[in-house]
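Structure first, commentary second.
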Amino acid sequence: MEINMYNFKQELFHFFEENYEDRTGPIYEELVEEFPYDNSGFSDEFCLKNFIDWLMIEKPLPDSGKTVVEEFVEAHPELPDDIKSNYLHMKNIIRSKFKFINRENNPALLKDTLTNKTYKIYLWEELSKIPSDTIMEGRIHPFGENYYFAGIVRHKVSNPFITEADFEGLLGGMEIGMINDVEKKTIYSNSTLMNILNKYPVEWINGICKSLSIKPMAKKEERIKQIKNKIDGSFHEILEKLPEKSKEILKCIIEKGGFVRYNLLNDFEDDISYWWTKNLPESEIGILRSKGLLTVGKMPLNGKMYKVALIPTDIRENIKKYFESITGGIQKKLV
């Protein structure tokens with residue numbers, strides 16, 4: 001596992017999903033009264049995200065007396081000492097009202113308006129679009145040489161705080177980064193369904209279970225087996241219910257040998273959220289991804305890494321047989 005300034009938070013969040021997801025509800029009920037920040041005006045989803053960020057970085061867990069960050073570091077003794085130190089220093093939270101004083105570069109320069117101290121702040125893509133006169137009320141934490149926003153950030157330009165709809169931009173950059181982090185994982189032409197699912201975050205595993213109407217078992221590995229069994233046992237029914245455009249994509253990729261360069265799918269939609277359990281993908285490619293029939297990742301080809309869309313090798317034959325069994329199959333091919 002290679003940790004850097006771009007993916008450290010995603011790796012921490014994946015660790016949280018895999019180890020604490022089933023306990024989030026009880027922990028929330030137990031600790032919500034201790035939550036020290038203002039969640040007024042936020043949706044339930046935003047309140048939970050704000051709580052989880054606090055829980056991961058700042059609040060010791062009731063059973064261990066350690067934060068999620070501290071448990072993450074203990075669970076990964078192979079991490080370099082400087083990375084461990086960076087994680088452990090995340091707890092040095094600064095809560096204030098901030099304003100940009102220089103955004104020409106990234107990291108940008110952020111001013112604490114209450115103390116006049118300045119911090120180098122790394123900005124996700126959407127945060128970089130906030131107007132320069134914006135006052136942001138929230139919290140930041142260090143990681144290495146830079147600071148990063150934590151949780152949900154309120155912001156205003158000159159008048160009252162902007163509505164909840166505008167907060168989406170603050171999370172958008174991080175969410176895109178989390179999706180990209182999954183899509184950067186290496187896959188191969190012979191990657192199986194189980195290989196692929198094991199690399200997925202718990203959120204996506206749960207989303208696939210929901211999409212396939214599977215009642216998920218307790219552990220991630222058990223859910224992966226459930227998905228595998230469902231696809232193997234009900235592939236004809238699953239494919240039969242797909243939209244025609246999604247079927248077209250599958251048939252085109254099968255005809256190309258089971259995977260294609262991702263840019264060959266530019267004519268098809270692939271809008272997805274990271275939060276599949278609440279927002280199952282509805283786009284033409286996204287539907288296939290949410291049913292475990294297709295994955296997107298990086299594949300080594302001719303000495304370079306390319307973004308590809310791939311059908312797991314162990315379900316290709318069943319998909320091929322399905323198209324052979326229907327008359328007047330879809331004729332469109334990728335060019």
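The values are calculated or read from the model by the stated rules, or taken from the named source; none is laboratory data. None of the values given here were measured: they were computed from a predicted structure. Note that we place each Cβ from the backbone using ideal geometry, even for glycine, and neighbour counts take in every protein chain shown.
Quick look at the numbers
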quantity: Flag if residue 41 is out of contact with any helix residue (DSSP H, G or I) (no Cβ under 8 Å at 6 or more places or on another chain) and of a type in the set (Gly, Ala, Ser); calculated: no
quantity: Long-range neighbours under 8 Å by Cβ, at least six apart or interchain, first residue under 12 Å from residue 148 (Cβ atoms) within segment 1-15, second outside any helix (DSSP H, G or I) and small (Gly, Ala, Ser); calculated: 5/144
quantity: Residue 154 vs. criteria modelled with pLDDT of 90 or more, closer than 25 Å to residue 40 by Cα, of a type in the set (Lys, Arg) and not assigned by TED's automatic domain parsing to the domain that holds residue 274; calculated: no
